[in-house]
Amino acid sequence: MALEPGRDEIGREQSHLPEADSDWLVLGLVDEAPGGILDAAPDGILSVDDANRILSVNRKVETLFGYPRAELVGRPVHLLLPLWPSTRSPLSDGPSAWSRSTNQAARAIGRRQDGSGVPVEVVIRALHTEGARRAVAVVRAVDTADASAGMSANDIIERTHDGIWVVDAASLRVIYANHGLAQRLGYRHDDMVGMGVDLIAPGFVDDELRRPLARLRDDPGSSLVHRLELRGADGSRIPVEVRTQALPAAGGAESGTHSDAYMSFARDLSERAEKQSARRTTQVAAEVLDDRARIGRDLHDGVLQRIFATAMAVRALGPKTAGTGVGSDLARIVEELDGCIHDLRSAVDGIAPEGDVKLGLRADLWEILADERAALMLTPNVQFGGELDEIDGELRRQILAIFREVLSNVARHAHASQVDIVVEASDGSFLLRVCDDGVGFDPSGPWSGRGLRNLTQRARLLGGTFTIRSNYGEGTVVECRVPHDGPDR
């Protein structure tokens with residue numbers, strides 16, 4: 001389609017657009033690829049001159065065939081596509097064989113840099129711009145072909161969500177706009193052609209852009225990146241980043257004329273800002289959850305256990321203060337401390353993020369100590385170490401059962417005044433050691449209960465050992481050591 005100079009039916013000044021305007025636009029896009037428009041395409045796109053030399057390729061061609069872009073430009077297209085139609089006659093004598101091609105997809109075997117073949121579908125489109133006959137090929141690997149196979153370069157330009165428009169350099173009126181721009185601004189696509197660019201991009205006509213744009217016309221290979229606001233049909237404003245370059249003159253670079261149009265590629269910054277805001281929101285939420293989990297752990301493993309230890313110490317004062325009349329006061333203090341522990345546990349559960357309420361093996365061991373404190377009637381010396389919270393699954397359940405049974409045996413039989421507990425995980429091994437200064441017993445003698453036998457059996461099933469060292473009047477040391485490989489054993 002060609003627009004002749006003059007005015008349209010509503011009095012708008014028209015701009016001259018060369019014949020085969022879409023060919024001219026595609027040629028500019030493919031040969032110059034401003035802002036990576038075609039580099040972002042899912043298919044390989046390359047342009048070829050009438051002598052079958054490669055003029056330009058997009059990034060997908062590089063990955064599909066294994067050649068760097070610089071090694072392909074200027075080389076015969078048959079290097080990649082051996083069955084590419086050969087030129088039958090010089091440009092001055094008539095069209096090439098492929099210049100009559102249609103946009104029908106054809107199967108072929110491409111050749112990679114390593115010599116291997118790749119089955120492809122190829123669509124060849126001939127461009128008939130004045131003095132610059134070209135062909136553009138869209139290449140897609142057959143194993144990835146789908147319903148969109150056979151999409152031409154022009155199809156890709158039209159379907160991109162980013163805005164593309166071409167402005168006549170003299171009148172600054174829009175002579176081309178893709179559907180992505182029309183949809184983003186809320187216009188009918190056909191209504192945008194002939195519209196003054198100031199209606200959709202007021203900043204494009206600002207004085208500060210005139211000089212840089214003029215320089216582009218003298219150097220069509222260069223481009224200008226700038227930011228401005230697009231104006232929607234409803235008056236809304238859309239911040240965009242724009243890359244503008246001058247399209248080659250209709251007669252080609254050899255015509256010696258200045259470029260007579262600007263092509264702009266706009267990327268919506270509001271979407272980028274929304275994504276950045278969403279990432280920041282997600283990051284802040286994650287940091288809040290981490291802080292809540294850390295506070296929960298600190299309260300549970302620090303403050304809560306100190307209150308627990310204080311309650312046990314107060315309870316241990318009971319026998320020492322018998323007959324002094326303070327027993328009831330001590331009982332009330334212990335009861336109050338128990339209430340503090342209960343309230344603090346509820347607070348920890350509320351602070352910890354969902355799914356992180358269970359704070360690991362260390363917390364479960366403290367829970368068992370709290371449950372057994374009344375029976376022990378003393379405050380154990382407890383030492384935790386290593387990555388205890390990495391232990392989970394069946395191993396964790398068995399360790400808790402062993403720990404509870406050991407403390408129960410101490411409370412029932414030891415009559416001890418001091419108990420030392422060591423629990424640690426390091427170097428792929430878990431260790432539980434409980435020492436008391438109680439009455440002791442003879443480990444070689446017949447065991448009256450099933451408890452110790454059960455403990456030995458549990459440790460053996462976990463691939464570990466359970467040992468007992470004791471003498472009458474010298475207390476008892478029990479030690480359980482089992483291997484562990486981290487979580488979910």
How about the range 322-347: which of its residues are of a type in the set (Val, Ile, Thr) and either in a helix (DSSP H, G or I) or closer than 29 Å to GLY296 by Cα (or both)?
-> ILE333, VAL334, ILE341
Would you be able to say whether some residue in the range 392-412 is crowded, with 16+ Cβ neighbours inside 10 Å, in contact with an Asp or Glu (Cβ under 9 Å, 6 or more places away or on another chain) and not in a helix (DSSP H, G or I)?
-> yes
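Give, as residue ranges, the helices (runs of 4 or more DSSP H) completely inside the range 6-89 that count at least 1 residues that are of a type in the set (Gly, Ala, Ser) and modelled with pLDDT of 60 or more.
Details: elements: 21-32, 59-65, 69-72.
Ranges flagged: 21-32, 69-72.
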Restricting attention to the range 242-293, the residues that are in contact with a strand residue (DSSP E or B) (Cβ under 9 Å, 6 or more places away or on another chain) and either among the aromatic types (Phe, Trp, Tyr) or modelled with pLDDT of 70 or more (or both) number exactly 15
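Please note which helices (runs of 4 or more DSSP H) are completely contained in the range 109-195 and include at least 2 residues that are at pLDDT 85 or above and among the aliphatic types (A, V, I, L, M).
Details: elements: 153-159, 179-185, 189-192.
Fully inside the range 109-195 and qualifying: 179-185.
Among GLY350, GLY339, which is over 25 Å from ILE421 (Cα atoms), open to solvent by less than 60 Å² (accessible area, probe 1.4 Å) and at pLDDT 75 or above? If you could, list the steps in order and put the result at the bottom.
On the way: GLY350 fails: at pLDDT 75 or above.
When all the criteria are applied, what remains is GLY339.
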Within the range 356-391, which residues are assigned to a helix (DSSP H, G or I) and among the hydrophobic types (A, V, I, L, M, F, W, C)?
-> LEU361, ALA363, LEU365, TRP366, ILE368, LEU369, ALA370, ALA374, ALA375, LEU376, LEU388
Per the filter on the range 413-434, residues buried (at least 20 other Cβ atoms within 10 Å of the Cβ) and of a type outside the set (Val, Ile, Thr) are ALA414, ALA416, ALA425, PHE430, LEU432
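From the residues in the range 447-473 that are in a loop (DSSP other than H, G, I, E, B) and modelled with pLDDT of 90 or more, which one is most open to solvent (accessible area, probe 1.4 Å)?
Our first condition is that a residue be in a loop (DSSP other than H, G, I, E, B); within the range 447-473, this holds for 447-450, 462-464, 471-473.
With modelled with pLDDT of 90 or more added as a condition, the list becomes 462-464.
On the way: LEU462: 24, GLY463: 58, GLY464: 18 Å².
Here the answer is GLY463.
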If a residue has to be under 22 Å from ARG215 (Cβ atoms) and either without any contact (Cβ under 8 Å) to a residue 60 or more places away in the chain or in contact with a Lys or Arg (Cβ under 7 Å, 6 or more places away or on another chain) (or both) to count, how many in the range 175-200 make the cut?
-> 2
Would you point out which residue out of PHE466, PHE430, PHE441 is more than 21 Å from GLU367 (Cβ to Cβ) and in contact with a His (Cβ under 9 Å, 6 or more places away or on another chain)?
-> PHE441
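The values are calculated or read from the model by the stated rules, or taken from the named source; none is laboratory data. Not measured: the values here are computed from a predicted model. Note: ideal-geometry Cβ built from the backbone for every residue, glycine included; neighbour counts use all protein chains shown. Just so you know, the surface numbers come from the protein's heavy atoms only, side chains and all, with ligands and any DNA or RNA stripped out. Shrake-Rupley method; radii C 1.70, N 1.55, O 1.52, S 1.80 Å.
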